[in-house]
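Below: the structure, in structure tokens.
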Amino acid sequence: MVKLIIQIPCYNEEQTLGRTLADLPERIDGIDEIERLIINDGSTDRTVQVARENGVEHIVDLPRNQGLAKGFMAGLQAALAAGADIIVNTDADNQYNGDDIRHLVAPVLKKEADIVIGARPISDIAHFSAMKKWLQKLGSWVVRVTSGTNIADAPSGFRAISREAALRLNVFNEYTYTLETIIQAGQKGMTVISVPVRVNADLRPSRLVKSVRSYVMQSLLTIFRIFMVYRPLRFFLWLGSIPIALGLVLGFRWLILYAYFPEPGRTHVPSLILAMLLLLGGFQLWVFGFLADLVAVNRILLEDLQYRVRKDSLGARSSGPS
């Protein structure tokens, strides 16, 4: 028996949730049970009532709005506890074509992938601004470099996750889970692939993108934090190399001026002091990198311990795909 649970994070989605639920498939080859799970992220409208009217099997009711990332993780935990072998995450605004869920779960059923990401036709989506398209592609590139995967649309929230992969995932970023979870999966040796999916007409403005400016800032901060958390040694080595390079240039300049072009009354001491400060600052960043790398090792050990605790508490289902 293979159970699929389709989870939908919701925050005041009474206008679109009914259409999203109606668009979900009732049968998929290779799946014995399909259930729906709503994460009510502190909604103040009729979101929960709409879910109940549509016969949703599971409702996770968060007492206040905690954001997309925490809602996503709450949904994974609830889906695992409900015995899901495969979890599909989709949006409540009916952005994604529900019929494409069968394409998402197929590689997981065949044990060809642990996580499958739905790749949207970003360049062809009319309601995406040029800046948003560029940031979507930049985010995907960062994820490919950091995770060692080949994901075409990393910011996509339309994804299928095996039970084993869901047990191993964590999210530290409060803004979004999309980039971070792929990087974790890549670093933990999971197989992550993309499949092309279709999108529906835009029903409402994005809740995640309140303005282009805020989206740009949040995206850049997310990308910055990803490098710092998951590639700390590389991040701080590159960051420290900038002041060290500038310090060496100033140092050589001072040496040449002092040795070969002396001027009476001028020692160029300020340049020498600045060069030393830059070299010292760069060296300190390198030291931070080594220390952060040691912390990252501890984080990996703690995540492995957390995985074992989750698996023991939630139990393993041997009937579904691993």
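The values are calculated or read from the model by the stated rules, or taken from the named source; none is laboratory data. Computed from a prediction, not measured in an experiment: that's the story for all the values here. So basically every Cβ, Gly included, is an ideal-geometry build from the backbone, and we count neighbours across all protein chains shown. With ligands, DNA and RNA removed, areas are computed over all heavy atoms of the protein, side chains included. Shrake-Rupley method; radii C 1.70, N 1.55, O 1.52, S 1.80 Å.
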Where a residue in the range 129-151 is touching a residue at least 60 places away in the same chain (Cβ under 8 Å) and its partner, wherever it lies, is among the basic types (Lys, Arg) and open to solvent by 10 Å² or more (accessible area, probe 1.4 Å), with Cβ under 9 Å and at least six apart: THR146/ARG231
Among residues of the range 168-185 being at pLDDT 85 or above and outside any loop (DSSP other than H, G, I, E, B), the residue farthest from the chain's Cα centre (by Cα) is ARG168
Could you tell me whether any residue of the range 57-72 is farther than 29 Å from LYS311 by Cα and open to solvent by 20 Å² or more (accessible area, probe 1.4 Å)? no
Against the definition (of a type in the set (Lys, Arg), part of a loop (DSSP other than H, G, I, E, B) and closer than 23 Å to GLU164 by Cβ), how does LYS70 come out, yes or no? no
Tally up the residues in the range 110-126 that are open to solvent by 50 Å² or more (accessible area, probe 1.4 Å), assigned to a helix (DSSP H, G or I) and either modelled with pLDDT of 95 or more or not small (Gly, Ala, Ser) (or both), please. 1
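Please determine whether any residue of the range 245-259 is in contact with a His (Cβ under 7 Å, 6 or more places away or on another chain) and either outside any helix (DSSP H, G or I) or open to solvent by less than 90 Å² (accessible area, probe 1.4 Å) (or both).
So far as the range 245-259 goes, yes, one or more of its residues are in contact with a His (Cβ under 7 Å, 6 or more places away or on another chain) and either outside any helix (DSSP H, G or I) or open to solvent by less than 90 Å² (accessible area, probe 1.4 Å) (or both).
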Might you check whether a residue that is touching a residue at least 40 places away in the same chain (Cβ under 8 Å), within 27 Å of the chain's Cα centre (by Cα) and not in a loop (DSSP other than H, G, I, E, B) occurs anywhere in the range 26-37? yes
